[in-house]
1. If ASN139 satisfies all but one of (1) touching a strand residue (DSSP E or B) at 6+ places or on another chain (Cβ under 9 Å); (2) over 22 Å from ALA206 (Cα atoms), what's the number of the condition it fails?
2. Please go through the range 102-141 and pick out each residue that is within 20 Å of the chain's Cα centre (by Cα) and on the phi > 0 side of the Ramachandran plot.
3. Quick one: ASP116 ticks every box in (1) touching a residue at least 12 places away in the same chain (Cβ under 8 Å); (2) exposed (fewer than 14 other Cβ atoms within 10 Å of the Cβ); (3) within 27 Å of LEU46 (Cα to Cα) bar one, so which box is it?
4. Within the range 11-27, take every residue that is over 17 Å from GLN172 (Cα atoms) and either touching a helix residue (DSSP H, G or I) at 6+ places or on another chain (Cβ under 6 Å) or loosely packed, with under 11 Cβ neighbours inside 10 Å (or both) and give me the one that is modelled with the highest pLDDT.
5. Kindly provide the set of residues from the range 128-165 that are in a loop (DSSP other than H, G, I, E, B) and closer than 17 Å to GLY42 by Cβ, ordered by number.
6. Mind checking which residues of the range 142-151 are within 20 Å of the chain's Cα centre (by Cα) and aliphatic (A, V, I, L, M)?
7. Scanning the range 179-201 for residues that are among the hydroxyl-bearing types (Ser, Thr, Tyr) and part of a strand (DSSP E or B), which turns out most open to solvent (accessible area, probe 1.4 Å)?
8. Every residue in the range 100-128 that is more than 15 Å from ARG161 (Cβ to Cβ) and in contact with a helix residue (DSSP H, G or I) (Cβ under 9 Å, 6 or more places away or on another chain), please.
Amino acid sequence: MSRRLASLLALFALVTLTGARDPILVPEVSQHEVNLQQGFTGTELLLFGAVLTPEGSRAAQDYDIVVVLKGPTRSIVLREKQQIAGIWINAASTEFRSAPAYYAIASTKPISEIVDDKTAAIYELGLKWLQLSPIGAINPEEQARFSAGLVDLNRSNGLYREEEGGVKVSEQVLYQARIDLPSSVLTGTYTAETFAISKGRVVASASSKVEVRKQGVELAIARFSDDYGFAYGLLAVIVSVGMGWLAGRLFALV
């Protein structure tokens, strides 16, 4: 942490000497690598940094700060359930080309009080403005229904979240936000984006990366399933049958 603080102070001094005209964001993340090991129950990431004014000193005005942690994107098929004769079956479905597996946003104030709808849509600031493009032609009303369904599903699983007021700014320079990663997150590269906004306009932005990887037994199992798919499937069946047989024997002895 001391090395990161030294970097922030060095850049702050550089801006003071050069008299840079545009605000500069210096983002940092408490962890650039998250390891998924046995017993992993989730973790908390601290997104912090500084917003430096054109004069290189304490800001003469307040900047609204928005941080977004997103990724990795993937294609996903979403199906609706329909009850027929008391039985729930799959009904209509659609496939999204690039839905983020995880999305979290935190801001100093509600997004609607910071930017207009057009700006929010351009930068995807909020769950309402996620670009969930379906594959193929689809009725706009149906697209909106499926998009809302995907957002609600991921929100209930803790994979999509919004924290209005989740960003704290100190002395108009330093900011920080805490974002939870649940145990169900996927492996891959996550992007932590920070936006400084003044009078409804994004005046500075910056990003950093977070890698989520499997380690230990989980990594070995994942590699085995990728390299030996048939053997992995056969072994899974054998283990399931064996566990079922063992459970039956135990109950028979009770």
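The values are calculated or read from the model by the stated rules, or taken from the named source; none is laboratory data. Since this is a predicted model, take the numbers as computed values, not measurements. For neighbour counting, all protein chains shown are included, and Cβ atoms are generated from backbone atoms with ideal geometry for every residue, glycine included. These accessible areas exclude ligands, DNA and RNA; they are computed on the full protein's heavy atoms, side chains included. Shrake-Rupley method; radii C 1.70, N 1.55, O 1.52, S 1.80 Å.
1. (1)
2. GLU124, GLY126
3. (3)
4. Of the residues in the range 11-27, the ones over 17 Å from GLN172 (Cα atoms) are 14, 17-21.
Going one step further and asking which of them are either touching a helix residue (DSSP H, G or I) at 6+ places or on another chain (Cβ under 6 Å) or loosely packed, with under 11 Cβ neighbours inside 10 Å (or both), we end up with 17-19, 21.
Details: LEU17: 47, THR18: 42, GLY19: 44, ARG21: 57.
Result: ARG21.
5. To start, the set of residues in the range 128-165 that are in a loop (DSSP other than H, G, I, E, B) comprises 130-133, 135-139, 157-159, 165.
Selection gives ASN157, GLY158, LEU159.
6. ALA148, LEU150, VAL151
7. First pass over the range 179-201, keeping only residues among the hydroxyl-bearing types (Ser, Thr, Tyr): 183-184, 187, 189-191, 194, 198.
The next check asks that each one be part of a strand (DSSP E or B); those that pass are 189-191, 194, 198.
Working: THR189: 62, TYR190: 2, THR191: 31, THR194: 5, SER198: 17 Å².
Going through the qualifying residues, I end up with THR189.
8. Of the range 100-128, the ones more than 15 Å from ARG161 (Cβ to Cβ) are 108-109, 112-123.
Within the range 100-128, SER112, ILE114, VAL115, ASP117, ALA120, ALA121, ILE122, TYR123 meet the criteria.
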